[in-house]
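The values are calculated or read from the model by the stated rules, or taken from the named source; none is laboratory data. Just so we're clear, the structure is a prediction, and the values are computed from it rather than from any experiment. No Cβ is skipped: glycine too gets one built from the backbone with ideal geometry, and neighbour counts run over all protein chains shown.
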């Protein structure tokens, strides 16, 4: 099982435009593409999916070679190397996934675990009818105190509906820091793609 971050396509407004991970449609990659069974998790309404699937070596190479795909190394228990650290951080941050916390002491399993947990929080934010967190100029560097009051209320409501303690989220904290702090409050192990995170 390998993990990939890839763009979302479709607006979800009709059967023909169902919102999904881009490369789960064979014709979006190449004629004759046959994707193995997969699991996909969206990042709320943000335009990215985490996909878990098992591919042949050549299909993995083809998928991982797409400019808009980030492939996670097969060995999830390997630590992020010094040479890969900036690449990992930049790839995640470009998708509005907090990553400045990642160091060479962390494994890829820990990195994917945070992606999953933050995605689950974003899904709750969307599921509560609050739309996207990252719209209207909001970035990972936006401070909690500078969020529009309604968006801040919505984030608190979403987090608290999951049983999270939001008292540690302060006005001077960035969205990046707040998402990591809240995502870390998931206590049970999460099973995704046959792996525990």
Kindly check whether there is at least one residue in the stretch 148-155 that is assigned to a helix (DSSP H, G or I) and either under 16 Å from the mean Cα position of the chain (by Cα) or not assigned by TED's automatic domain parsing to the domain that holds residue 122 (or both). no
Odd one out for residue 166, checked against (1) more than 14 Å from residue 46 (Cβ to Cβ); (2) part of a helix (DSSP H, G or I): (2)
Here are some conditions: (1) at pLDDT below 95; (2) not assigned by TED's automatic domain parsing to the domain that holds residue 179. Residue 131 meets all but one. Which one does it not meet? (2)
Provide a single number: the residues in the stretch 169-197 that are outside any loop (DSSP other than H, G, I, E, B) and either exposed (fewer than 13 other Cβ atoms within 10 Å of the Cβ) or at pLDDT 95 or above (or both). 11
Are there any pairs, at least 6 apart or on different chains, whose C-beta atoms fall under 7 Å, with the first in the stretch 47-72 and within 12 Å of residue 91 (Cβ to Cβ) and the second assigned to a loop (DSSP other than H, G, I, E, B), and if so, which? 48/95
